[in-house]
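Right, one structure below, let's go through it.
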Ligand code: C2E
Ligand code: MG
Ligand code: MG
Ligand code: MG
């Protein structure tokens, strides 16, 4: 079956994509309902400072409490939210939840930086900075407790205007990380093209840390980052051996199941107090 788009562009839908399109349409409706019903919540994964030997920050990772879809990874449903055009509303919900959490923790003497995954599509909104500002005042959020992560692949097609927004956030003291660094359409030039303070080396490189060439590559990234004054976080650290090597090579921080899986805010609080 073929459908005509415009004058001469044909897109062929096979059975599989047709099914997926239907599934997605259904899912969009469910996601909208889920947003109204508060079915989304956040878990927090510790980011561990190898020099201070303690958890200094966390990454907020969204979860969907949903009966129909079961355990579905955010990397799947975020894509649907992005395609359907309401990542703006969704993204603001996440930011507001994070600010509430920072505020709650601060009142209990817990100063943890929280890193938020931000879709570059959110930056396209004219009022992104304005909305952000409003929430900062509403929750009296300390800017040094806020971080934002942009994935290297997603950030590639952003324009000058959006880069300026990130620059402004960075200037105001918000930590900006280049997430999933080293995979996809990765290029060293990305290290200087975007206003960032932190590089997060992707898990797929950490997985292969025992291969000699990968070892060299990771050491190289660490070396370049140091020269450029970027902090480095290694993602997906699952073993003591990986931790040992990264520590020896001067990596600042690690994140991964070896330290901790994503946890509820209560569990994080307990961890912090036993820190
Ligand atoms: P990410 O930002 O790279 O987050 C890290 C992912 O790796 C998380 O998966 C985390 O649970 C997983 N992970 C961490 N350590 C380990 C480890 O040692 N081993 C293994 N096997 N996995 C580990 P998760 O929570 O499924 O999130 C997937 C992606 O979804 C995130 O990748 C992020 O890009 C996106 N995402 C999550 N929450 C949000 C959100 O609120 N907004 C947006 N726009 N994207 C989000
Ligand atoms: Mg991330
Ligand atoms: Mg990542
Ligand atoms: Mg990732």
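Numbers below:
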{"quantity": "Residue selected from segment 225-242 under the condition closer than 10 Å to residue 201 by Cα and either surrounded by fewer than 20 Cβ atoms within 10 Å (Cβ to Cβ) or in contact (Cβ under 8 Å) with a residue 40 or more places away in the chain (or both), by the criterion farthest from ligand 4 (Cβ to nearest atom)", "calculated": "233"}
{"quantity": "Count of residues meeting criterion [more than 16 Å from ligand 1 (Cβ to nearest atom) and not in a helix (DSSP H, G or I)] in segment 176-193", "calculated": "3"}
{"quantity": "Filtered residues of segment 195-218 (kept if away from ligand 3 (no atom under 14 Å from the Cβ) and surrounded by 14 or more Cβ atoms within 10 Å (Cβ to Cβ))", "calculated": "195, 197, 209, 214, 215, 217, 218"}
{"quantity": "Matching residues, segment 36-68, being out of contact with any strand residue (DSSP E or B) (no Cβ under 8 Å at 6 or more places or on another chain) and either surrounded by 15 or more Cβ atoms within 10 Å (Cβ to Cβ) or modelled with pLDDT of 95 or more (or both)", "calculated": "51, 52, 53, 66"}
{"quantity": "Residue count, segment 97-142 (criterion: in a helix (DSSP H, G or I), away from ligand 4 (no atom under 16 Å from the Cβ) and closer than 25 Å to residue 235 by Cα)", "calculated": "9"}
{"quantity": "Condition met for residue 222 (surrounded by fewer than 18 Cβ atoms within 10 Å (Cβ to Cβ) and assigned to a helix (DSSP H, G or I))", "calculated": "no"}
{"quantity": "Test: residue in segment 71-81 that is closer than 23 Å to residue 172 by Cβ, more than 16 Å from ligand 4 (Cβ to nearest atom) and surrounded by 17 or more Cβ atoms within 10 Å (Cβ to Cβ)", "calculated": "no"}
{"quantity": "Qualifying positions in segment 171-194 - out of contact with any strand residue (DSSP E or B) (no Cβ under 6 Å at 6 or more places or on another chain) and surrounded by 15 or more Cβ atoms within 10 Å (Cβ to Cβ)", "calculated": "186, 190, 191, 194"}
{"quantity": "Hits in segment 31-73 - residues which are without any contact (Cβ under 8 Å) to a residue 24 or more places away in the chain and within 14 Å of ligand 3 (Cβ to nearest atom)", "calculated": "73"}
{"quantity": "Among the residues listed as 233, 196, the single one being assigned to a loop (DSSP other than H, G, I, E, B) and modelled with pLDDT of 95 or more", "calculated": "196"}
{"quantity": "Of all residues making up segment 143-157, the number that are within 11 Å of ligand 3 (Cβ to nearest atom) and in a strand (DSSP E or B)", "calculated": "3"}
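The values are calculated or read from the model by the stated rules, or taken from the named source; none is laboratory data. Quick caveat, the model's predicted, so the values are computed rather than measured. Quick reminder, even Gly has a Cβ in these numbers, built from the backbone with ideal geometry, and neighbours come from all protein chains shown.
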